[in-house]
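The values are calculated or read from the model by the stated rules, or taken from the named source; none is laboratory data. If you're wondering where the values come from, they're calculated on a predicted model, not measured in any experiment. As a convention, Cβ positions derive from the backbone with ideal geometry for all residues, glycine included, and neighbour counts pool all protein chains shown.
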Amino acid sequence: MQKEGVTLNRTAFSFLVKQLADLQEHIPIILDEYFANGLDANQLKRRGEIESILEKYLNSLDILITKAQVTDCNTVTLPFVVMGSTVTLENVGSGRQYEFMVVTPDQIDRQAGKISFLSPLGKALLLKKPGNQFEIQVPRGTINYKVLNIQY
């Protein structure tokens with residue numbers, strides 16, 4: 001993230017402040033629900049990976065909020081993908097475009113394009129910026145995506 005900060009309108013700023021507070025409070029609950037007791041070594045490793053992703057995400061939100069310049073403009077833009085963002089992606093191999101909203105696990109609705117931040121695609125999308133390319137592993141192989149647009 002850039003050190004000089006970004007300009008956010010009041011709606012985006014308030015959304016991020018609320019999201020940061022909510023996540024700080026609810027992450028342990030989400031992780032406990034997602035990873036039940038009696039975890040094997042793979043589940044413990046996965047939990048640790050997700051905790052690390054969430055810690056990085058929370059730190060990025062905190063820095064963004066701290067350095068943000070708040071304005072009264074009507075345009076709602078965010079510099080990277082956050083939970084609640086709608087993201088337009090391009091499959092680099094096929095050229096097809098997709099639109100997804102990154103949400104918490106309790107808000108998943110595949111038909112509406114709402115994917116969990118805990119899913120492989122959701123984890124990969126967090127903190128990505130327009131123009132970023134990334135790949136994810138799926139049962140059929142690797143898919144390369146490019147972030148075209150982020151909306152809030």
For this session: Scan the strands (runs of 3 or more DSSP E) fully inside the range 66-152 and keep the ones with 1 or more residues being under 24 Å from E55 (Cβ atoms) and touching a helix residue (DSSP H, G or I) at 6+ places or on another chain (Cβ under 9 Å).
Result: 86-91, 97-103, 114-116, 133-138, 141-151
Exercise. Identify, please: which residue in the range 112-121 is modelled with pLDDT of 95 or more and of a type outside the set (A, V, I, L, M, F, W, C) and is, among those, surrounded by the fewest Cβ atoms within 10 Å (Cβ to Cβ)?
Worked result: G113
Exercise. Among the residues of the range 122-146 satisfying the criterion of being in contact with a strand residue (DSSP E or B) (Cβ under 6 Å, 6 or more places away or on another chain) and aliphatic (A, V, I, L, M), which is farthest from I27 (Cα to Cα)?
Worked result: I143
Problem set entry | Complete set of residues in the range 76-108 that are surrounded by fewer than 15 Cβ atoms within 10 Å (Cβ to Cβ) and either small (G, A, S) or not assigned by TED's automatic domain parsing to the domain that holds A124 (or both) | V76, T77, G93, S94, G95
